[in-house]
Every structure is written in C-alpha cells, then in structure tokens.
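Q: Next up is a structure, given as structure tokens.
Every number in this text was worked out from the coordinates using simple rules, so none of it is lab data. It should be emphasised that the depicted structure is a prediction, and the values quoted were computed from it without experimental measurement. Neighbour counts run over all protein chains shown; Cβ positions are idealised from the backbone, glycine included.
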Ligand SMILES: [Zn+2]
C-alpha cells in the first residue's frame with residue numbers, strides 16, 4: 001500500500017516519465033534520476049578530455065566517439081545498406097531539406113516514416129537543412145520568424161519556421177533531430193555574427209518548447225553558433241544550456257577560419273558544455289582534426305569527406321592520401337592499403353582501381369567508397385580503444401606523421 005507521500009511521489013514519477021518535463025522547482029537530482037538517460041559516459045581518457053560513451057536512441061545505442069556517414073537522400077551513395085552496416089556504420093545522417101523537397105513529407109508519412117521508407121533499422125540523425133538552405137538556395141531571406149528561400153530544384157519560394165523544421169523531422173521520425181539555426185560565413189562581420197547568435201537562440205527556444213509538447217522519444221540537440229569569437233560562442237552555449245537539449249553541436253566551424261582559432265574555440269566550448277551530454281562537431285572530416293577534437297572532449301562527428309572523396313578517386317590510407325587517377329598507379333600491383341582489411345584492399349590492385357576510375361565504371365565508386373568508409377569507421381574503433389587504454393596520443397602521432405610524410 002502507498003502512503004500519501006508515496007502516492008505523491010508516484011504521481012510525479014508518472015508525470016515526468018509521460019511528459020519528459022520536470023516541474024519547475026524540482027531538484028536537479030530528481031531531474032537526473034527520473035529523466036530517460038540518453039547519454040552515458042563509460043570511461044574518460046586520463047591524459048586528455050576525451051570520453052568514451054553511449055548515446056541511447058529508439059533504434060539502438062551509438063558508441064562514442066562516433067562518426068555518422070552522410071546519406072543526405074537516405075542512402076550512402078553507391079552502397080547498399082547491408083554493406084554500410086558490415087563496414088560498421090552505427091548510424092547515418094540524412095538531410096531534412098533534401099527529403100522535404102523530394103520525395104516530400106506526404107510520401108514519407110505514407111511510408112510510415114523515414115526508417116521504414118529507406119529500410120534502415122539503426123539510428124538516424126537528421127540535419128535540419130539550415131546549412132543547405134543557406135548554401136544551395138540562391139535567394140535566402142532570413143526573417144525573425146523563419147527563413148524564406150528558393151528551392152534549388154525549381155525556384156519555388158518556400159518559407160519555413162523553426163516549428164516547421166521540427167514538424168518535418170517528427171514526420172521523418174529520426175532518432176536525433178537538429179533545430180533550425182542561422183550562421184554567418186567566415187570572415188564574419190561582428191554585427192551579423194551577433195544577430196545570428198541571437199536569432200539562433202530565439203529559434204532554439206521555440207524549437208525546444210514545441211518539441212517538448214510532442215512527447216516523442218526522439219532527441220533534439222541544440223546548435224551553438226558564434227564562429228570563433230569566444231564572447232559570442234559562449235553566449236550561444238550558455239543560452240542553449242539554459243533552454244536544455246539532449247546534446248550540443250558546434251556549428252559554423254570548419255568554413256575557412258585559421259586552425260589555431262578553430263581548436264581554441266573547441267577547447268573553450270567543451271570546457272563549458274555540460275559533461276553529461278554529447279558534443280557534436282558538425283561537418284568536420286579530416287582524421288587529424290577529428291582526433292584532436294576528440295582529445296578536447298568532442299563525441300560526435302559527420303562529414304561527406306570519405307564518401308565524396310571516394311567517388312572523386314581520393315582515397316585515405318594508413319600511409320596518407322592516394323589519388324587513384326594518377327598515372328603512376330596504372331600498373332601498380334599492390335593493394336590500395338597493405339594495412340587495410342576491407343573488401344577492396346583484400347581483393348584488388350591499385351592498377352585495377354585506377355582502370356575502373358579512368359573508365360568511369362560504377363564499381364569504381366563502390367569499391368572506393370567501401371575502402372574510405374571502412375578506413376574512417378576503423379579509425380573510430382581505434383579511437384574508442386585508445387581512450388580505454390589511454391593511448392590516444394600515440395594514435396594521433398601515428399596518424400599525423402603519416403599525413404606529414406605525404407606532404408599534406
Ligand atoms: Zn581498404
């Protein structure tokens with residue numbers, strides 16, 4: 001039998017679990033205990049800020065540090081999902097902007113959401129499409145309540161609000177959703193940067209409040225802005241922490257700013273971001289940058305680099321980059337990477353990969369993507385092992401030295 005006090009406690013537990021909201025004034029201890037745990041830290045690296053963790057999603061766990069291969073249209077170009085899974089992809093990233101334009105939300109709703117539409121049963125992260133709106137659309141007008149843009153396909157004028165972007169991702173049913181944000185290119189004008197940070201926070205609050213009304217088991221992560229100007233980045237981070245998200249992304253980086261400033265802002269950001277939430281460095285793809293960011297406490301990455309470069313014939317290997325179209329590989333009998341055990345390296349010569357590339361064969365994209373994706377996902381496995389064995393510095397030195405040997 002419950003006594004009156006137990007009944008009250010029981011009521012609040014039910015309320016919080018059903019509504020995913022802790023009432024104002026309730027202790028943060030209760031908050032931690034009662035809210036569903038979406039992120040767990042399993043181990044911390046002794047000599048750096050790197051962490052080993054698990055993100056829990058409705059479609060299974062994601063071991064961090066994690067890499068999300070980019071499949072904007074719901075596919076990793078040139079590979080079937082079965083291969084993507086065999087290569088070790090824990091999740092893929094899809095793009096709300098592209099799927100909203102084509103095939104459109106009506107089709108995806110009819111197909112029962114994007115997991116069912118594309119037949120992918122592992123976690124999915126959807127990018128809000130903000131970056132694509134600003135980078136692909138010829139006529140963008142940012143207003144206080146949303147963005148007006150022209151479809152890059154047929155020029156149709158479309159206006160989206162932060163709530164629309166949440167609705168789109170609710171229909172998609174992705175495990176991790178991102179809100180609409182706005183960013184400025186680098187180099188930036190101070191006033192424009194300030195305005196972008198303010199508007200991003202305003203939209204983040206609208207997005208989060210609307211998301212919480214929906215009572216979904218999907219997650220919504222916040223995107224911080226502020227380029228490399230710490231005053232603005234810190235303001236953005238603090239405002240987003242106050243709103244409260246399931247994870248925090250660093251947006252608007254890797255767009256031409258000096259490397260020293262790039263790492264400086266990551267270091268400062270991870271020192272103020274909540275320890276118990278995943279940190280996501282958006283769109284950063286060079287392995288040496290990734291390892292350095294992991295050391296600074298970043299947990300999550302995505303980038304088109306391994307897949308796009310594979311199709312362009314640029315391959316990442318343990319000995320540095322290989323540009324397979326180069327004539328010197330025309331009769332090279334060696335595998336692409338002697339230290340790699342992917343299907344491509346186990347079975348084919350550089351000469352054959354060169355031939356396929358030069359003849360524009362579809363299998364060139366397939367075999368190159370298998371290798372590059374395997375290489376990336378394997379590095380992430382090594383990163384996770386190195387955090388556990390406290391040997392991340394050794395891994396970083398091996399990777400960076402190889403890159404320098406090749407004169408990058
Ligand atoms: Zn390989």
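Q: What ranking of 55, 133 emerges when the number of other C-beta atoms within 10 Å of each C-beta is taken as an exposure proxy, fewest first?
A: 133, 55
Q: Contact order normalised by length for the stretch 53-106, with contacts defined as Cα pairs under 8 Å and 6 or more residues apart; what percent is it?
A: Taking the mean separation of contacting Cα pairs over the length of the stretch 53-106, I get 33 percent.
Q: Could you sort 139-151, 384-396 so that the peptide with the highest average Cβ count within 10 Å comes first and the rest follow in order?
A: 384-396, 139-151
Q: Using a Gaussian network model of the chain whose springs link C-alpha atoms within less than 10 Å, name the residue from 107, 184, 84 with the highest mean-square fluctuation.
A: The residue with the greatest mean-square fluctuation here is 107.
Q: Pop out the Kirkwood hydrodynamic radius of the stretch 310-403 from its pairwise C-alpha distances, inverse of mean 1/r, in Å to one decimal.
A: 13.8
Q: Using per-residue counts of other Cβ atoms within 10 Å, averaged over each peptide, order 95-104, 120-129 from highest down.
A: Top to bottom by mean Cβ count within 10 Å: 120-129, 95-104.
Q: According to a simple spin-label model (label point 7 Å from Cα along Cα-to-Cβ), what is the distance in nm between residue 271 and residue 385?
A: Each label point is offset 7 Å from its Cα along the Cβ direction, giving 3.3 nm.
Q: Quote the FRET efficiency, to the nearest 0.05, computed for residue 346 versus residue 107 with a Förster distance R0 of 30 Å and r equal to the Cβ-Cβ distance.
A: 0.15
Q: Listed highest first by mean packing, meaning other Cβ atoms within 10 Å per residue, what order do 247-260, 170-183 come in?
A: 170-183, 247-260
Q: Going by alpha carbons, how many degrees (0 to 90, nearest 10) lie between the helix axis of 230-243 and the longest principal axis of the chain?
A: 50
Q: Measuring from centroid to centroid over Cα atoms, what is the spacing of the stretch 289-314 and the stretch 360-399 in Å?
A: Taking the Cα centre of the stretch 360-399 as reference, the centre of the stretch 289-314 is 9 Å away.
Q: To continue, here is another question. Which angle from 0 to 90°, rounded to the nearest 10, does the C-alpha axis of helix 362-388 make with the longest principal axis of the chain?
A: Between helix and principal axis, roughly 60 degrees.
Q: So if R0 is 35 Å, what FRET efficiency would residue 288 and residue 192 give, r being the distance between their Cβ atoms, rounded to the nearest 0.05?
A: 0.70
Q: Further question on the same structure: Would you calculate a helix-derived [θ] at 222 nm for the chain, using -39,500 (n - 2.57) for each DSSP H run of n ≥ 4 and dividing by the full residue count, to the nearest 500?
A: -14000 deg cm²/dmol
Q: Still on this model: Pull out a ≥ b ≥ c, the square roots of the eigenvalues of the alpha-carbon gyration tensor of the chain, then state rounded if a/c is under 1.5, prolate if not and a/b is larger than b/c, and oblate in the remaining case.
A: prolate
Q: Using 1/(1 + (r/R0)^6) with R0 = 35 angstrom and r between the beta carbons of residue 44 and residue 217, what's the FRET efficiency to the nearest 0.05?
A: That gives a FRET efficiency of 0.80.
Q: Something else now. Please arrange 330, 239, 288 by how many other C-beta atoms lie within 10 Å of their C-beta, fewest to most.
A: By the 10 Å Cβ count, ascending, the order reads 330, 288, 239.
Q: Among 305, 367, 136, which one shows the biggest mean-square fluctuation in a GNM of the chain, springs joining Cα atoms closer than 10 Å?
A: Fluctuation is largest for 136.
Q: Calculate how many DSSP beta bridges within the chain are antiparallel, expressed in % of all such bridges and rounded to the nearest 5.
A: 50
Q: Continuing with this model, one more query. With 10 angstrom as the radius, rank 161, 224, 156 by how many other C-beta atoms surround their C-beta, starting from the fewest.
A: Ordered by Cβ neighbours within 10 Å, fewest first: 156, 161, 224.
Q: Still on this model: How much length, in nm to one decimal, is gained on full extension between residue 159 and residue 141, taken as 0.36 nm per residue of separation minus their Cα-Cα distance?
A: 5.6 nm
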